[in-house]
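Colleague: Before I ask anything, here is the structure I am working with.
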Amino acid sequence: MEKKKLLIKNAKAIVSCDEKNHVYLNSDMLIEGEKILEIGHNIVCEDAEVLDASDKFVYPGLVNTHHHFFQTFVRNLITIDYPNMHVVEWLDKIYQIFQKIDSDVIYYSSLTAMADLVKHGCTTAFDHQYCFTVHTKKEPVDRQMEAAAQIGIRYHAGRGTNTLPRSEGSTMPDDMLETTEEFIADTRRLIDKYHCTDPFSMRQIVIAPCQPVNCYKDTFIESVKLAKETGARLHTHLGEGENEIMMNRWGIRTVDWLKEVGFLGENTWFAHCWELTDEEYRILGAHGAGISHCPSPAILGGFPILPMKSLNDYGVTLSIGCDGSATNDGSNLLDSIRTAYLMQCYNSKARGGGISAYEILKQATVGGAKTLGRSDIGSLEPGKAADLFMLDTGTLEMAGALHDPCNIIGRVGLTGNVDLTMINGKIVYQNGKLVNVDERRLAAEGEAVCERVLRNTCDAFHNLF
Ligand SMILES: [Zn+2]
């Protein structure tokens with residue numbers, strides 16, 4: 001069957017984020033099915049539907065490399081910004097709520113996060129799902145796949161877990177624990193069912209034990225074995241204040257521990273990495289590993305600012321993440337780009353040179369694609385997926401700032417809803433509307449689930465402060 005053609009006509013600027021940093025002015029883009037055929041001036045294609053983009057800046061779709069969708073229903077409730085609250089204290093409070101979560105909460109909170117992401121230009125989302133309770137059973141990733149298909153977002157699901165009980169030093173309630181065997185068996189099931197590495201694939205699975213301090217060593221060792229066997233990638237949290245516990249427990253810091261268990265390589269990326277030494281950053285770079293920089297939680301939690309310039313020099317693959325809504329109340333990657341940019345400006349005097357807003361946009365696009373092991377997304381080039389978003393330059397707040405489409409997002413702070421989002425050649429958000437779903441109905445259903453499962457029945461919800 002012939003694939004549908006779409007001609008984006010006369011875009012004011014197409015910021016490709018390709019290797020040569022091409023910016024096409026007053027140009028067209030021809031799309032066939034899910035992929036870009038051509039970018040250039042005056043493209044003619046008689047059987048293509050035409051989309052006028054004469055007032056638009058066009059960018060590659062953003063790639064989010066760290067999140068916890070299920071936390072979206074505790075937004076605006078308890079974040080790590082509370083003064084004088086230690087992270088462990090905060091975890092104790094928040095886990096009392098998390099253990100009540102059922103698979104309806106997973107489904108609706110995922111829809112909520114995905115909608116927020118899409119409205120702000122994200123086309124590929126990774127989620128680190130480790131909320132497996134007695135109520136959710138093994139359903140969370142399946143429910144998220146359902147939600148992603150409805151919204152039309154490209155989705156990489158991190159199958160997380162926690163295996164170490166509280167009695168042996170973790171922060172996990174018993175109701176949220178699994179055994180390593182359960183985890184590996186269910187991850188294998190998910191890989192068999194969903195993991196597709198074909199070009200333009202809409203879904204993949206990542207093996208993602210939650211964090212070294214809350215798992216047995218075996219969980220990480222078995223994860224590495226499964227990754228070797230299946231080709232799925234590896235992800236976990238690193239450098240978020242756990243080094244002291246790891247030193248006490250194992251006599252070594254987390255990076256050395258990960259190296260020892262083999263959880264470190266080109267197929268691996270880590271969230272945060274706030275509390276690493278320069279030597280540890282060098283080790284990550286030498287092994288070809290990546291870091292998902294989540295700027296908002298770094299600020300809310302008062303963590304150190306990542307030395308991005310040095311990380312680039314060490315060869316670490318950098319990408320951008322929102323992080324879960326318990327540590328960042330929004331799922332807005334444009335906001336994360338802006339925040340990351342401001343943080344690097346603040347850092348630049350001390351660390352010798354800053355990072356431009358455009359470089360951070362590239363981390364959120366090509367950097368994210370590389371992190372997820374994908375060569376078919378991340379930049380706008382012939383042969384790649386038609387994943388993009390558009391900004392309307394005809395608005396008053398854009399007037400006088402259009403000189404530089406590459407840097408405008410981070411520098412001006414364009415963090416509102418985009419004009420259009422397209423994934424695999426299909427428009428999923430346009431004119432303020434999610435194209436594939438009835439947003440108001442889903443929002444009302446989601447709010448009712450939050451009320452029923454969390455607000456009305458969970459004492460912890462009301463005894464937080
Ligand atoms: Zn996280």
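Colleague: Could you check, for the stretch 90-111, whether at least one of its residues is among the polar types (S, T, N, Q), closer than 25 Å to Leu388 by Cα and either modelled with pLDDT of 85 or more or assigned to a helix (DSSP H, G or I) (or both)?
Modeller: Yes, because at least one residue in the stretch 90-111 is among the polar types (S, T, N, Q), closer than 25 Å to Leu388 by Cα and either modelled with pLDDT of 85 or more or assigned to a helix (DSSP H, G or I) (or both).
Matching residues to (1) open to solvent by 50 Å² or more (accessible area, probe 1.4 Å); (2) of a type in the set (Phe, Trp, Tyr); (3) assigned to a loop (DSSP other than H, G, I, E, B):
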| site | (1), (2), (3) |
| --- | --- |
| Leu391 | no, no, no |
| Gly400 | yes, no, yes |
| Gly416 | no, no, yes |
| Ala443 | yes, no, no |
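Colleague: Since Asp174 meets every condition but one in (1) open to solvent by less than 50 Å² (accessible area, probe 1.4 Å); (2) without any contact (Cβ under 8 Å) to a residue 24 or more places away in the chain, which condition does it not meet?
Modeller: (1)
Colleague: Answer with yes or no whether Asn424 is in contact (Cβ under 8 Å) with a residue 24 or more places away in the chain, touching a strand residue (DSSP E or B) at 6+ places or on another chain (Cβ under 9 Å) and under 30 Å from Ala48 (Cβ atoms).
Modeller: On the way: in contact (Cβ under 8 Å) with a residue 24 or more places away in the chain: yes; touching a strand residue (DSSP E or B) at 6+ places or on another chain (Cβ under 9 Å): yes; under 30 Å from Ala48 (Cβ atoms): yes.
Taking the combined requirement at face value, the residue satisfies it.
Colleague: Quick check on my filter: what residues within the stretch 327-378 are in contact (Cβ under 8 Å) with a residue 40 or more places away in the chain, of a type in the set (Lys, Arg) and farther than 25 Å from Ala208 by Cα?
Modeller: Once the filter is applied, which keeps residues that are in contact (Cβ under 8 Å) with a residue 40 or more places away in the chain, of a type in the set (Lys, Arg) and farther than 25 Å from Ala208 by Cα, the stretch 327-378 yields Arg338, Arg351.
Colleague: Counting just the residues of the stretch 1-27 that are among the hydroxyl-bearing types (Ser, Thr, Tyr) and closer than 20 Å to Cys45 by Cα, which one comes out least open to solvent (accessible area, probe 1.4 Å)?
Modeller: Initial filter on the stretch 1-27 (among the hydroxyl-bearing types (Ser, Thr, Tyr)): 16, 24, 27.
Narrowing the set further to residues that are closer than 20 Å to Cys45 by Cα leaves 24, 27.
Working: Tyr24: 55, Ser27: 2 Å².
This residue is Ser27.
Colleague: Filter the stretch 193-210 down to residues that are open to solvent by less than 20 Å² (accessible area, probe 1.4 Å), part of a loop (DSSP other than H, G, I, E, B) and either out of contact with any His (no Cβ under 6 Å at 6 or more places or on another chain) or not hydrophobic (A, V, I, L, M, F, W, C) (or both), then give me how many there are.
Modeller: The qualifying residues number 3.
Colleague: Failed condition for Glu38, given (1) assigned to a strand (DSSP E or B); (2) free of Cβ contacts under 8 Å to residues at least 12 places away in the same chain, with all others met?
Modeller: (2)
Colleague: Of all residues in the stretch 37-72 being of a type in the set (A, V, I, L, M) and within 27 Å of Val206 (Cα to Cα), which is farthest from the ligand (Cβ to nearest atom)?
Modeller: Step one: of the stretch 37-72, the residues of a type in the set (A, V, I, L, M) are 37, 39, 43-44, 48, 50-51, 53, 58, 62-63.
Going one step further and asking which of them are within 27 Å of Val206 (Cα to Cα), we end up with 62-63.
Values: Leu62: 18, Val63: 16 Å.
In this case the residue turns out to be Leu62.
Colleague: Any idea which residue in the stretch 258-275 is farthest from Ser375 (Cα to Cα), counting only those that are within 16 Å of the ligand (Cβ to nearest atom) and open to solvent by 10 Å² or more (accessible area, probe 1.4 Å)?
Modeller: Filtering first and then ranking leaves Glu275.
Colleague: Answer yes if at least one residue in the stretch 284-301 is within 16 Å of the ligand (Cβ to nearest atom), touching a Pro at 6+ places or on another chain (Cβ under 7 Å) and not charged (D, E, K, R), and no otherwise. It would help to see each step written out before you state the result.
Modeller: Here is the first cut: in the stretch 284-301, the ones within 16 Å of the ligand (Cβ to nearest atom) are 290-301.
Keeping just the survivors that are touching a Pro at 6+ places or on another chain (Cβ under 7 Å) gives none.
Among the residues of the stretch 284-301, not one is within 16 Å of the ligand (Cβ to nearest atom), touching a Pro at 6+ places or on another chain (Cβ under 7 Å) and not charged (D, E, K, R), which makes the answer no.
Colleague: Can you work out which of the residues in the stretch 343-383 that are at pLDDT 95 or above and charged (D, E, K, R) is most open to solvent (accessible area, probe 1.4 Å)?
Modeller: It comes out as Lys370.
Colleague: Please go through the stretch 219-258 and pick out each residue that is farther than 26 Å from Trp90 by Cα and touching a residue at least 24 places away in the same chain (Cβ under 8 Å).
Modeller: Ile221, Glu222, Ser223, Val224, Leu226, Ala227, Thr230, Gly231, Ala232, Arg233, Leu234
Colleague: Among the candidates Arg253, Arg282, single out the residue that is over 27 Å from Val63 (Cβ atoms), at pLDDT 95 or above and among the basic types (Lys, Arg).
Modeller: Numbers: Arg282 fails: over 27 Å from Val63 (Cβ atoms).
None of the other options fit; the residue is Arg253.
Colleague: Could you tell me whether any residue of the stretch 68-81 is among the acidic types (Asp, Glu), under 27 Å from Gln150 (Cβ atoms), open to solvent by 10 Å² or more (accessible area, probe 1.4 Å) and not in a strand (DSSP E or B)? Give the steps one after another, and end with the answer.
Modeller: Let us first name the residues in the stretch 68-81 that are among the acidic types (Asp, Glu), namely 81.
Narrowing the set further to residues that are under 27 Å from Gln150 (Cβ atoms) leaves none.
No, that holds for no residue.
Colleague: Still on this structure: Considering only the stretch 298-321, state which residues are free of Cβ contacts under 8 Å to residues at least 60 places away in the same chain, assigned to a loop (DSSP other than H, G, I, E, B) and open to solvent by less than 20 Å² (accessible area, probe 1.4 Å).
Modeller: Initially, the stretch 298-321 is screened for residues free of Cβ contacts under 8 Å to residues at least 60 places away in the same chain, giving 298-299, 302, 304-318.
Restricting the remaining residues to those that are assigned to a loop (DSSP other than H, G, I, E, B) gives 302, 304-307, 315-316.
Hits for the stretch 298-321 are Leu306, Pro307, Val316.
Colleague: Further question: Please specify each residue of the stretch 240-257 satisfying the condition of being buried (at least 16 other Cβ atoms within 10 Å of the Cβ), outside any helix (DSSP H, G or I) and more than 16 Å from the ligand (Cβ to nearest atom).
Modeller: Within the stretch 240-257, just Arg253 meets the criteria.
Colleague: Answer yes or no: is there a residue in the stretch 29-42 that is open to solvent by less than 10 Å² (accessible area, probe 1.4 Å) and either aromatic (Phe, Trp, Tyr) or touching a Gly at 6+ places or on another chain (Cβ under 6 Å) (or both).
Modeller: yes
Colleague: I would also like to ask the following. Looking at (1) open to solvent by less than 10 Å² (accessible area, probe 1.4 Å); (2) touching a Ser or Thr at 6+ places or on another chain (Cβ under 8 Å); (3) more than 12 Å from the ligand (Cβ to nearest atom), which one does Gly330 not meet, given that it meets all the others?
Modeller: Every listed condition holds for Gly330 apart from (1).
The values are calculated or read from the model by the stated rules, or taken from the named source; none is laboratory data. Note that the structure is a prediction, hence the values are computed from the model and not measured. Note that we place each Cβ from the backbone using ideal geometry, even for glycine, and neighbour counts take in every protein chain shown. These area figures cover heavy atoms from the full protein model, side chains too; ligands, DNA and RNA do not enter into them. Shrake-Rupley method; radii C 1.70, N 1.55, O 1.52, S 1.80 Å.
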